[in-house]
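Have a look at the structure below before the remarks.
The values are calculated or read from the model by the stated rules, or taken from the named source; none is laboratory data. Note that the structure is a prediction, hence the values are computed from the model and not measured. Cβ: placed from backbone, ideal geometry, glycine included. Neighbour counts: every protein chain shown. Ligands, DNA and RNA are excluded from the accessible area calculation, which covers all protein heavy atoms including side chains. Shrake-Rupley method; radii C 1.70, N 1.55, O 1.52, S 1.80 Å.
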Amino acid sequence: MEGDVNGMELSLAEIAAYLGRYLLSIHIAGYLDIAVMAYVIYRIFQLMRTTRAASLLKALLMFLAALLLSNILNLRGVNFILNRMVDLGVLALIVIFQPEIRGILEQVGSRRITAFFTPTVSVGEMERAISQTVLACTEMSQSRTGALIVFEREISLDDMLRNGTVLDASVSSELLKNIFFVKAPLHDGAVIIRRGRILGAGCVLPLSKNVNLSRDLGTRHRAGIGMSENSDAIVAIVSEETGAISVASGGMLKRHLKPETLENLLRNELLTREDEDERSGGVWRSFMRIMRLNRGEGETGRGKGDG
């Protein structure tokens, strides 16, 4: 028994040593190759989240299983037909997944490169935008005023702004309620918020192509879901019929939210990112703070939410 344990330990040590030598033998190009492959596989799994793509993947796996089985059982006729189909398989997959592939390419191409060179928004400004949005949604929910508010993140929504009215204003509950007032000229469109400021209003959003959505969802909800399907934006929706508050993210809709739930959700999705951006933009400030602490100077007068 002791010999088996020693042998197992030896084999594990040999495996660890082999893995160590292998990792050391990989060049920088190898790590880059692994990173690219991991990203492509990750994007493929994201693509397969949709119901239609998952069904097509099952059909593809069944086809490959039939091809393997025909080869094992020496079914020459079936194997010949399936092999001819494989020759056209890549082209067929491109045609079948054309909408999904186009969506992925659009998302990659629409990411804002200029965001690396623009000053970051303060956490306080983003907190104010969230609190004012929650206040406006709460009051519009009580009065059953329909609203569609889009928070832009990494993917640029400039295309959506072109069909709306460009603004540059601080987020306030009064302004949001005036925009979505029933008789206001911009109440039918969406408001787009970028970096804590209202960038546009009356914007037309793409409708969701998901055929499995509930039939009681109107155009406003389908537009919010469609916007979240085509970008990484967070969309707050107030129903005109019921006054219910919903949030669309990643093609999913969370309905019948309470104001405090809406605020927590927006903070989790938006404020954390902005806080990280602010911290990454203030590397020098953080370094100097650490140096002062090391010298024993300490810090006074700064709260947790300061920034």
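Residue count for segment 142-167 under the criterion of being over 24 Å from the mean Cα position of the chain (by Cα) and either of a type in the set (A, V, I, L, M) or more than 20 Å from residue 205 (Cβ to Cβ) (or both): the result is 5.
Among the residues making up segment 214-255, those that are touching a His at 6+ places or on another chain (Cβ under 9 Å) and hydrophobic (A, V, I, L, M, F, W, C) are 237, 244, 245, 248, 253.
Checking segment 231-247 against the condition returns no match, with no residue being open to solvent by 10 Å² or more (accessible area, probe 1.4 Å), farther than 22 Å from residue 143 by Cα and in a strand (DSSP E or B).
Scan segment 183-201 residue by residue and report those that are open to solvent by 20 Å² or more (accessible area, probe 1.4 Å) and either free of Cβ contacts under 8 Å to residues at least 60 places away in the same chain or of a type in the set (A, V, I, L, M) (or both).
Of the residues in segment 183-201, the ones open to solvent by 20 Å² or more (accessible area, probe 1.4 Å) are 183, 185-188, 194-195, 197, 199.
Those that are open to solvent by 20 Å² or more (accessible area, probe 1.4 Å) and either free of Cβ contacts under 8 Å to residues at least 60 places away in the same chain or of a type in the set (A, V, I, L, M) (or both): 183, 185, 186, 187, 188, 194, 199.
Among the residues of segment 125-144, which ones are open to solvent by 40 Å² or more (accessible area, probe 1.4 Å) and closer than 13 Å to residue 270 by Cα? Listed by number, the residues that qualify are 125, 127, 128, 131. Scanning segment 162-182 for residues that are open to solvent by 20 Å² or more (accessible area, probe 1.4 Å) and in contact with a Lys or Arg (Cβ under 9 Å, 6 or more places away or on another chain) yields 167, 168, 169, 170, 172. Restricting attention to segment 148-161, the residues being assigned to a loop (DSSP other than H, G, I, E, B) and open to solvent by 70 Å² or more (accessible area, probe 1.4 Å) number 1. Residues of segment 132-146 that are under 15 Å from residue 240 (Cβ atoms), in contact (Cβ under 8 Å) with a residue 60 or more places away in the chain and in a helix (DSSP H, G or I): 137, 140, 141, 142, 143.
Against the conditions (1) modelled with pLDDT of 70 or more; (2) of a type in the set (Gly, Ala, Ser); (3) open to solvent by 50 Å² or more (accessible area, probe 1.4 Å), residue 66 satisfies every one except (3).
Which one of 235, 204 is modelled with pLDDT under 95 and within 21 Å of residue 177 (Cα to Cα)? I'd like the intermediate steps shown before the answer.
Values: 235 fails: modelled with pLDDT under 95.
Unique residue meeting the criteria: 204.
Only residues that are open to solvent by less than 90 Å² (accessible area, probe 1.4 Å) and of a type outside the set (A, V, I, L, M, F, W, C) were counted in segment 202-220, giving 7. Screening segment 248-258 for residues that are under 22 Å from residue 129 (Cα atoms) and assigned to a strand (DSSP E or B) and picking the one that is most open to solvent (accessible area, probe 1.4 Å) gives 254.
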